[in-house]
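Notes follow once the structure below has been shown.
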Amino acid sequence: MSADERYTDGGHTYADAATIGRILRDSGDTWAVVGLSGNRSRAAYGVAEVLQRFGKRVVPVHPKAETVHGEQGYASLADIPFPVDVVDVFVNSELAGGVADEAVAVGAKAVWFQLGVVDPDAYERTRAAGLDMVMDRCPAIEIPQLGGRA
């Protein structure tokens, strides 16, 4: 499967370059990372570290509400007492749609589903609500390609 086929479904693209760039450059620097805990072996831990290196504030969202990378964690998006710009989702596809709906409810500007996280219905709902969204991509892979201008 080619990269283009991987990110399309029935001719619909879920991760175009313009949207990726807009989220990484223009959507804001406060990223809630759903599924981020203190477990260093999980992908969310490393991705959050990369986001911080590129100037993003990373807010852990996990039932344990652990402090990770120096940032206070919260049990849910609704518990975060300040605005969130982007919601980065590291939960399985079956749960991701509910997280996207929560992102809309808390007023996020964009939703990012990580590699392997795909829910076309959630994508359509989120876009219909006016948010930018990408699925099945990783910001830690995409952000360095912007030339450090995120």
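The values are calculated or read from the model by the stated rules, or taken from the named source; none is laboratory data. Here the structure is a predicted model, which means the values were calculated and not measured. Neighbour counts are summed over all protein chains in view; Cβ atoms, including those assigned to glycine, are modelled from backbone coordinates with ideal geometry. Surface areas here come from the heavy atoms of the whole protein model, side chains and all, with no ligands, DNA or RNA. Shrake-Rupley method; radii C 1.70, N 1.55, O 1.52, S 1.80 Å.
Computed with a 1.4 Å probe on the full set of protein chains, the accessible area for Lys64 sits at about 140 Å². Stretched out straight at 0.36 nm per residue, the stretch from Glu71 to Gln145 would grow longer than its current Cα-Cα span by 24.1 nm. GNM on the chain, alpha-carbon springs under 10 angstrom: the most fluctuating residue among Phe90, Phe113, Phe54 is Phe54. Take the Cα of Asp79, go 7 Å toward its beta carbon, and the backbone nitrogen atoms of the stretch 26-52 under 17 Å from that spot belong to 32-39.
Kirkwood hydrodynamic radius of the chain, from the reciprocal of the average inverse Cα-Cα distance over all distinct pairs: 15.1 Å. Length gained on full extension, Asn39 to Ala128: 28.6 nm, using 0.36 nm per residue less the C-alpha separation.
Each part reduced to its alpha carbon centroid, the stretch 110-129 and the stretch 63-85 end up 21 Å apart.
For the stretch 87-129, the alpha carbon convex hull comes to 56 Å³ per residue, rounded to a whole number.
With the whole protein complex present, Val111 retains an accessible surface near 0 Å², based on a 1.4 Å probe.
For the stretch 109-125, putting each phi into the Karplus relation 6.51 cos²θ - 1.76 cosθ + 1.60 with θ = phi - 60° gives couplings of 8, 7, 10, 10, 8, 5, 3, x, 9, 9, 8, x, 5, 5, 4, 5, 4 Hz, in residue order, rounded to whole numbers and with x for Gly and Pro. Using only the C-alpha atoms, the convex hull of the stretch 106-150 corresponds to 82 Å³ per residue.
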